[in-house]
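Laboratory data are not the source of any read-out in this text; all were calculated from the coordinates shown. For clarity, every value in this text was computed on a predicted model and none was experimentally measured. Neighbour counts are summed over all protein chains in view; Cβ atoms, including those assigned to glycine, are modelled from backbone coordinates with ideal geometry.
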Amino acid sequence: MSDETSTIQNDESKPIGRTFLCVIDESEEMAAALRFACSRAINTNGRVALLYVMQPAEFQHWMAIGERMREEAREEAEELLQVVASVVEKRTGYIPVCYIREGKLREEVIDLINEEKDISLLILGAASGTDGPGPLVSYLVEKMTGQLRIPVTIVPGNLSDEQVDAIS
């Protein structure tokens, strides 16, 4: 379970269809997943939700140093989410719901999906390199197929903007 959870809600009134959850990180493939999520939200009168998961600070020897590392990680997460949220707002016209959690990525994704019943689709970007699609995609496909309460859409990270728009 996460030590810290934050949620920023959208105060604007809007008919809400489906909620598309996109996991935010600094990977290249995240951009394709985000574009897909925004396009689906526009096309279905839905909204986008963003999740950033901070890894727990492993430096436990001196509490003050560990706490400072955690604060810095939190600041970086908030900055990245602000940038991504502004992109979502530009593309969709609405502020996304934002979540920041601390813990193991795959556990936090599954916990959020189980807690937030409005989330109706998880959208992930798949890496296109030789190392495979990425650890979260691999885990969900190999271990969680049939156990999640929502579908998962995996967007190849090497698609162009035009290709993503065409399939969404």
What angle do you read, to the nearest 10 degrees and between 0 and 90, between the alpha-carbon axis of helix 63-92 and the longest principal axis of the chain?
10
Lys, Arg +1 and Asp, Glu -1 on Cβ, resulting dipole of the chain about Cα centre, debye, nearest 20:
760
Sorted peptide list for 84-95, 147-158, criterion being average Cβ within 10 angstrom, highest first
84-95, 147-158
Can you put Asp25, Asp131 in order, fewest other beta carbons within 10 Å first?
Asp131, Asp25
Length gained if Asn158 through Thr145 is fully extended, taking 0.36 nm per residue and subtracting the Cα-Cα distance, is 2.3 nm
Among DSSP bridges having both ends in region 5-167, what percentage is antiparallel? Round to the nearest 5.
15
Run through every distinct alpha carbon pair of the chain and return the Kirkwood hydrodynamic radius in angstroms, one decimal place.
16.5
